[in-house]
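Participant: Right, I'll just put the structure down here and ask away after.
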Amino acid sequence: MDDGRIGESGNRQSGNRQSGDRQSENLASRRSFLATMAGVAVASRMPWSRFSFSTDLLAARPVPSASQLEWQRDEFALFLHFGVNTFTDREWGDGKESPAIFNPTALDARAWARSAKEVGAKTLVLTAKHHDGFCLWPTKTTEHSVAKSPWRGGRGDLVREFVDACRAEGLKPGLYLSPWDRHEPRYGDSPRYNDFYCEQLTELLTRYGAIHEVWFDGAPGPNDPQGVGANGQRQKYDWPRIWQLVRKLQPKAVMFSDAGPDVRWIGNENGTAGDPNWSTVDPNVVPYPGVGGAAVMRMLQNGDPAGTSWRPGESDVSIRPGWFYHPREDTRVKTVDQLVNLYFTSVGRNSKLLLNVPPTREGRLHEVDVARMAGMRERLNMMFARDLAAKGRTTWKQTSETSAVLETDLGTPMSASIADLREDITRGQRVAQYTLEGRTDETWKAISKGRTIGCRKLDRFTAVTVRYVRLTITETIDTPRQVRLGLYS
Ligand code: FUL
């Protein structure tokens, strides 16, 4: 799979998740090295690293919009895959499913939102339509919707129940509308399907109040034979039109896809951002969703320090092997340890975690999934309960146009095993290389090292007892700005 995505299993990263995961780990480490070298090379070549006092050049560096900033600072969101696949026990429906099978017997969207809130998620993203084309709202665009199902006597509107529940719990609703539609006969008849798709978007973005994230999936890959319409043609999406429409109808929403434009897919479905992970990208490398190839995957995983667009990465991953609920996977729910690790490989690498928790056929979140998420939250709350550096005495010194040192005296020796680094990303992402050291006596000992920091970088290490901590930033791509250092036991 040279383009990194494929189908039968409904997992666009690889038909075989195991080998896909291993493959991406190997690639990630090789890539990280290459990207670091590229980053360093770029930094020393960059005009603004030498003439960083020119306000014109500084102004040209990409920074996040208010919506992108809020989106990233929220850190954690839940994904809900729910639809006809829930009832057929499949991952990718073929569009021939009868709406009669959609009949959740105890659906409670408010309970989804309550669980999400309890585990600290700020946004919930629902599959309003997956690849099978079945719509969870009573759309005027097709008969293939909840209106033809027995659920709520055909008068139900799950998007309505979902957004109302989110708002009642103070959460932000987001919607996934699959571009690929295996039911709609116009799919493949490009201009006509684009009209249809824009009409669906218009319904979703005008009927339900503020929608905070619009999720455009990239499946199927460009070489997947399944991705043709009834006429045997591949659909050519009008992305500029689609993006403009969302911008017009919901100017504050962030749009997710491989190609953004606001937030990008992180390049795998296992919750692992690249290291380094720059929030800036070269938009020409990933011009539209679904485009494949090694350079694309590298850009998605690592971003680009010289990138001209601010497009932070979102790490989507399911709490179970599949995206939809399957009873056979009740014993394969990720453990609390695995979920905590995911937090570190996504949020802790300047990304955002979008964790999928699929509702059951009853329309409930499964109790095992809820318990595991609660366990994750509890563990994270404990880990980050007390910042050992909060009362320390900190000094910051810029040592050159591209380097700086931050030192904290904790006041007394303390045992730490997590460093929490944060750049003020309202001014962009600047750090390209750093080392962290600690000491109690005269000798500094290495604790960790890394490349980019961005919104949040979490380093975990074997517990060390330190009184003084020193963060040496050896390379930045713009004038260094003070980084925040937290330390946790
Ligand atoms: C993929 C889809 O094919 C999966 O079914 C799922 O929706 C995942 C989030 O994205 O591309």
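The values are calculated or read from the model by the stated rules, or taken from the named source; none is laboratory data. These figures come from a predicted structure and were not determined experimentally. Quick reminder, even Gly has a Cβ in these numbers, built from the backbone with ideal geometry, and neighbours come from all protein chains shown.
Participant: State yes or no: is Lys236 more than 16 Å from the ligand (Cβ to nearest atom), assigned by TED's automatic domain parsing to the domain that holds Glu91, surrounded by fewer than 18 Cβ atoms within 10 Å (Cβ to Cβ) and in a loop (DSSP other than H, G, I, E, B)?
Facilitator: Taking the combined requirement at face value, the residue satisfies it.
Participant: In this structure, is Arg361 closer than 29 Å to Val119 by Cβ and surrounded by 14 or more Cβ atoms within 10 Å (Cβ to Cβ)?
Facilitator: Judged against the criteria, Arg361 is a match.
Participant: Filter the stretch 186-227 down to the residues that are within 16 Å of the ligand (Cβ to nearest atom) and modelled with pLDDT of 95 or more and list them by number.
Facilitator: Tyr187, Glu213, Val214, Trp215, Phe216, Asp217
Participant: Just a yes or no: is a residue in the stretch 404-414 among the hydrophobic types (A, V, I, L, M, F, W, C), over 24 Å from Pro305 (Cβ atoms) and either surrounded by fewer than 22 Cβ atoms within 10 Å (Cβ to Cβ) or not assigned by TED's automatic domain parsing to the domain that holds Glu70 (or both)?
Facilitator: yes
Participant: While we're here: Among residues belonging to the stretch 308-324 that are surrounded by fewer than 21 Cβ atoms within 10 Å (Cβ to Cβ) and in contact with a helix residue (DSSP H, G or I) (Cβ under 9 Å, 6 or more places away or on another chain), point out the one that is nearest to Ser346 (Cα to Cα).
Facilitator: Pro321
Participant: Let me ask you something else. Please give the strands (runs of 3 or more DSSP E) falling wholly within the stretch 74-178 in which 1 or more residues are within 16 Å of the ligand (Cβ to nearest atom) and among the charged types (D, E, K, R).
Facilitator: Fully inside the stretch 74-178 and qualifying: 123-129.
Participant: Given the conditions (1) within 16 Å of the ligand (Cβ to nearest atom); (2) in contact (Cβ under 8 Å) with a residue 12 or more places away in the chain; (3) surrounded by fewer than 20 Cβ atoms within 10 Å (Cβ to Cβ), and given that Glu329 satisfies all but one, which numbered condition is not satisfied?
Facilitator: Going through the list (1) within 16 Å of the ligand (Cβ to nearest atom); (2) in contact (Cβ under 8 Å) with a residue 12 or more places away in the chain; (3) surrounded by fewer than 20 Cβ atoms within 10 Å (Cβ to Cβ), Glu329 breaks only (2).
Participant: Can you tell me which residues in the stretch 349-388 are part of a loop (DSSP other than H, G, I, E, B), out of contact with any Asp or Glu (no Cβ under 6 Å at 6 or more places or on another chain) and more than 28 Å from Val464 (Cα to Cα)?
Facilitator: Hits for the stretch 349-388 are Pro358, Pro359, Thr360, Arg361, Glu362, Gly363, Arg364, Leu365, His366.
Participant: What tally of residues in the stretch 429-467 results from selecting those that are in a loop (DSSP other than H, G, I, E, B) and small (Gly, Ala, Ser)?
Facilitator: Number of matching residues: 1.
Participant: Then there is this: Within the stretch 247-257, how many residues turn out to be in contact with a strand residue (DSSP E or B) (Cβ under 9 Å, 6 or more places away or on another chain) and either surrounded by fewer than 24 Cβ atoms within 10 Å (Cβ to Cβ) or among the small types (Gly, Ala, Ser) (or both)?
Facilitator: Matching residues across the stretch 247-257 total 5.
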